[in-house]
Amino acid sequence: MNTVKDLNKWANAHTYITLDLLRIALGVFLFMKGISFITNIQYLSDLISPIDKIGGGMFLIHYIAPAHMVGGIMIAFGLLTRWAIIAQLPILIAAIVVNFMGEMHQQNLLLAFIVLVVCVFFLFYGSGKHSADYYFKMQK
């Protein structure tokens with residue numbers, strides 16, 4: 001627990017508006033990706049087809065889109081950012097793995113890798129000073 005507090009103190013001391021804008025852009029991107037998956041469910045089904053042989057394909061379809069939408073909103077507002085990112089990590093890792101198991105889509109691989117790197121950064125950095133987490137912490 002002290003590690004998280006130390007990371008929050010460091011992040012609040014070294015906060016920059018560009019990092020907050022990056023966090024908001026990540027959240028909006030994930031939200032829009034979730035909307036895209038909801039509106040085109042066949043595309044999502046085709047994306048997860050290489051790992052559908054393992055089982056749980058319907059579970060994945062019902063997990064990925066809502067996790068992106070809810071997680072994207074939470075990340076954009078900076079509310080429970082680390083928890084929202086933890087929910088995104090299995091999806092992003094699977095997106096990278098699926099590219100190697102099925103047909104290689106270099107754009108999807110690059111996009112998933114960049115989003116994964118940004119998510120890992122915010123997993124350690126946290127939500128920053130301009131966030132709902134910081135606002136609610138200061139209300140005590």
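The values are calculated or read from the model by the stated rules, or taken from the named source; none is laboratory data. Just so it is clear, the structure is predicted and the values come from calculations on it, not from any experiment. Positions of Cβ are generated from backbone atoms using ideal geometry, with glycine treated the same way; all protein chains shown enter the neighbour counts.
Quick check: is even one residue across segment 124-137 in contact with a Gly (Cβ under 9 Å, 6 or more places away or on another chain) and under 15 Å from LEU30 (Cβ atoms)? The answer is yes, given that some residue of segment 124-137 is in contact with a Gly (Cβ under 9 Å, 6 or more places away or on another chain) and under 15 Å from LEU30 (Cβ atoms). All conditions but one from (1) within 30 Å of LYS9 (Cα to Cα); (2) surrounded by 15 or more Cβ atoms within 10 Å (Cβ to Cβ) apply to PHE124; the one that does not is (2).
Only one residue in GLY72, GLY27, GLY34, GLY78 is buried (at least 17 other Cβ atoms within 10 Å of the Cβ), modelled with pLDDT of 80 or more and in contact with a Lys or Arg (Cβ under 7 Å, 6 or more places away or on another chain). Which one? Testing whether each residue is buried (at least 17 other Cβ atoms within 10 Å of the Cβ), modelled with pLDDT of 80 or more and in contact with a Lys or Arg (Cβ under 7 Å, 6 or more places away or on another chain) leaves just GLY78. Could you tell me whether MET101 is in contact (Cβ under 8 Å) with a residue 24 or more places away in the chain, touching a helix residue (DSSP H, G or I) at 6+ places or on another chain (Cβ under 7 Å) and crowded, with 18+ Cβ neighbours inside 10 Å? When the stated conditions are applied, MET101 does not pass them. Looking across segment 1-24, the residues that are at pLDDT below 85, surrounded by 13 or more Cβ atoms within 10 Å (Cβ to Cβ) and of a type outside the set (S, T, N, Q) come down to LEU7, TRP10, ALA11. When ALA94, ALA112, ALA65, ALA84 are checked against the criterion of being of a type in the set (A, V, I, L, M) and under 30 Å from LYS5 (Cβ atoms), a single residue qualifies: ALA84.
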